Amino acid sequence: MKVDVLLGLQWGDEGKGKIVDVVTPKYDIIARFQGGPNAGHTLIFEGEKQVLHTIPSGIFRPNTINIIGNGVVIDPITLKAEMEELEAKGVDMASKLLISKKAHLILPTHKILDKYSEEQKGKRKIGSTLKGIGPTYMDKTGRNGIRFGDTQLHNFKEKYNLLKEKHINMLGDYEYNDILEEFEPQWFEALNYLKQITLIDSEQYINTAMKEGKSILAEGAQGTMLDIDFGTYPFVTSSNTVTAGTCTGLGVAPNRIGEVIGIFKAYCTRVGSGPFPTELDDEVGEKIRDIGHEYGATTGRNRRCGWIDLPALKYAVMINGATQLSMMKADVLDSFETIKVCTHYEIEGELYDYLPYDITSMDIKPVYIEMPGWNTDLTNLTDLNNAPQPFLDYIAYLERELNVPVTIVSVGPDRSQTMVKQ
């Protein structure tokens with residue numbers, strides 16, 4: 001058996017949680033491989049909405065094990081709150097959730113450092129969610145971090161105090177006492193609560209599961225364009241959001257990667273600062289935002305909206321080795337007479353059909369083609385054979401340009417509003 005991967009091809013918020021939930025019945029194990037509680041994976045089924053931040057999106061399916069892998073950074077307070085909400089809905093967390101011993105912990109002082117760092121940047125701020133994720137990854141690569149397995153060691157409190165003291169020294173005169181006094185007791189209380197969850201050597205567990213013939217899906221957070229290496233740096237997240245992140249975030253060898261399912265919206269969105277070549281800062285962008293309810297699941301911030309960006313999508317397909325695609329939120333474009341597709345970037349008179357270096361500092365003019373809209377309510381569509389021809393033409397055009405089949409089409413937020421294309 002191999003590990004299949006599901007991840008975002010844009011700037012996050014593509015709808016990964018919904019598709020993980022839809023395809024989970026095919027898998028024995030769902031494993032998150034990177035990111036932290038800045039993720040907001042929204043699932044809607046039976047008329048109820050659930051937003052997951054750290055827990056894998058397969059948690060609602062019976063008989064599915066969910067693993068938080070070593071590449072994830074965990075805030076115990078956030079995870080405790082998430083678990084309590086799920087337990088109130090009857091989900092048996094102790095039997096369905098496992099945590100890697102090598103996953104790093106977000107300390108209360110990491111959150112304070114995040115807030116302090118963003119304030120110091122002023123106009124240069126990157127739009128951090130202020131959840132302590134960046135500082136935690138910095139301590140991880142700086143070999144100062146605390147891992148979940150450390151909580152089982154006799155000198156855990158000593159390790160915690162040493163790192164806390166280091167952070168306080170970095171803060172200097174910054175006022176942190178009120179924040180620390182609020183969060184530190186909650187943090188230790190949450191750690192105690194999380195003792196009900198089994199900690200595992202996740203790389204050993206996953207590789208043994210593969211040998212036993214178990215089917216595994218790796219779930220990514222954020223999106224390709226936010227990858228620390230391949231995204232729109234420096235306006236990126238702190239982890240590798242691409243397929244390669246599965247290898248380091250779960251301990252899976254490259255030759256053990258199977259299908260790569262790339263998720264994208266029928267248009268584009270972005271939260272926070274950073275370049276966005278197809279952004280629509282007008283009534284069209286506002287219309288997309290309103291119809292698509294484009295507000296951050298984690299932050300609540302308005303998402304910036306624009307037309308679909310083929311140079312960026314082609315780049316993401318290449319980097320990830322996507323073998324199939326899922327197109328999300330096509331219904332948001334139901335009422336548009338004309339739909340635009342960005343086919344190239346024009347930079348200093350030259351056309352690019354790929355993502356060049358440092359688009360942050362470049363003057364980019366998107367080059368569009370126009371396609372007829374379908375002017376049809378897709379939300380009740382259950383069979384693509386009954387779809388309007390302009391909609392099928394739009395899908396076929398994207399398949400040709402990206403050279404990857406679109407196998408899943410979503411026409412609404414509910415689990416049932418999903419069509420699998422054979």
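The values are calculated or read from the model by the stated rules, or taken from the named source; none is laboratory data. Keep in mind the model is a prediction, meaning the values are calculated, not measured. FYI the Cβ positions are ideal-geometry reconstructions off the backbone, even for glycines, and counts take in every protein chain you see.
Brief remarks on what is shown
- Of the residues making up the range 344-402, those that are farther than 29 Å from V236 by Cα and among the aromatic types (F, W, Y) are W374, F391, Y394, Y397.
- Flag for A209 being out of contact with any Gly (no Cβ under 9 Å at 6 or more places or on another chain), among the aliphatic types (A, V, I, L, M) and at pLDDT 95 or above: yes
- I67 passes every criterion in (1) among the aliphatic types (A, V, I, L, M); (2) under 24 Å from T232 (Cβ atoms); (3) in contact with a Lys or Arg (Cβ under 9 Å, 6 or more places away or on another chain) apart from (2).
- Selection status of E189, more than 20 Å from I74 (Cβ to Cβ) and loosely packed, with under 14 Cβ neighbours inside 10 Å: no
- Selected residue (criterion: nearest to K140 (Cα to Cα)) from residues of the range 204-243 that are surrounded by fewer than 19 Cβ atoms within 10 Å (Cβ to Cβ) and of a type in the set (D, E, K, R): D229
- Filter pass, A312 being out of contact with any strand residue (DSSP E or B) (no Cβ under 7 Å at 6 or more places or on another chain), closer than 18 Å to L398 by Cβ and among the aliphatic types (A, V, I, L, M): yes
This table checks each residue for (1) touching a residue at least 12 places away in the same chain (Cβ under 8 Å); (2) within 21 Å of W307 (Cβ to Cβ); (3) in contact with a strand residue (DSSP E or B) (Cβ under 8 Å, 6 or more places away or on another chain); (4) among the hydroxyl-bearing types (S, T, Y).
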{"position": "T382", "(1), (2), (3), (4)": "yes, no, yes, yes"}
{"position": "N385", "(1), (2), (3), (4)": "no, no, no, no"}
{"position": "P390", "(1), (2), (3), (4)": "yes, yes, yes, no"}
{"position": "D393", "(1), (2), (3), (4)": "yes, yes, yes, no"}
{"position": "L398", "(1), (2), (3), (4)": "yes, yes, yes, no"}
{"position": "L402", "(1), (2), (3), (4)": "yes, yes, yes, no"}
{"position": "P405", "(1), (2), (3), (4)": "yes, no, yes, no"}
{"position": "V411", "(1), (2), (3), (4)": "yes, yes, yes, no"}
{"position": "S416", "(1), (2), (3), (4)": "yes, no, yes, yes"}
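- Remark: pairs (first residue in the range 315-334, within 20 Å of R289 (Cα to Cα) and touching a residue at least 12 places away in the same chain (Cβ under 8 Å); second residue of a type in the set (S, T, N, Q) and assigned to a loop (DSSP other than H, G, I, E, B); Cβ separation under 8 Å; 6+ apart in sequence or on different chains) = D331/T379; D331/Q417; D334/N375; D334/T376; D334/T379.
- Members of the range 1-42 found to be of a type in the set (S, T, N, Q) and either within 24 Å of K214 (Cβ to Cβ) or buried (at least 24 other Cβ atoms within 10 Å of the Cβ) (or both), listed by number: Q10, T24, Q34, N38
- Subset of the range 390-415 that is over 22 Å from the mean Cα position of the chain (by Cα) and hydroxyl-bearing (S, T, Y) - its residue that is surrounded by the fewest Cβ atoms within 10 Å (Cβ to Cβ): Y397
- In the range 130-185, the residues that are without any contact (Cβ under 8 Å) to a residue 24 or more places away in the chain, of a type in the set (S, T, N, Q) and farther than 21 Å from Q120 by Cα: T141, N144, N155, N161
- Within the range 60-91, the set of residues being assigned to a loop (DSSP other than H, G, I, E, B) and modelled with pLDDT under 90 comprises F60, R61, P62, N63, K89, G90, V91.
- Filter result (over 12 Å from F264 (Cα atoms) and either out of contact with any Lys or Arg (no Cβ under 9 Å at 6 or more places or on another chain) or assigned to a helix (DSSP H, G or I) (or both)) within the range 19-28: V20, D21, V22, V23, T24, P25, K26
- Number of positions in the range 14-59 that are modelled with pLDDT of 90 or more and on the phi > 0 side of the Ramachandran plot: 1
- Selection status of K157, surrounded by 13 or more Cβ atoms within 10 Å (Cβ to Cβ) and either modelled with pLDDT of 90 or more or not hydroxyl-bearing (S, T, Y) (or both): no
- For the range 175-226, filtered to residues that are hydroxyl-bearing (S, T, Y) and under 23 Å from the mean Cα position of the chain (by Cα), the residue that is nearest to E85 (Cα to Cα) is S202.
- Of the residues making up the range 99-121, those that are over 20 Å from I55 (Cβ atoms), surrounded by fewer than 23 Cβ atoms within 10 Å (Cβ to Cβ) and either of a type in the set (D, E) or in contact with an Asp or Glu (Cβ under 9 Å, 6 or more places away or on another chain) (or both) number 3.
- When residues in the range 190-203 are screened for being in contact (Cβ under 8 Å) with a residue 24 or more places away in the chain, in a helix (DSSP H, G or I) and out of contact with any Ser or Thr (no Cβ under 9 Å at 6 or more places or on another chain), 2 of them pass.
- For the range 367-385, the criterion of being under 30 Å from I228 (Cα atoms) and either surrounded by fewer than 16 Cβ atoms within 10 Å (Cβ to Cβ) or in contact with a Ser or Thr (Cβ under 8 Å, 6 or more places away or on another chain) (or both) is satisfied by at least one residue.
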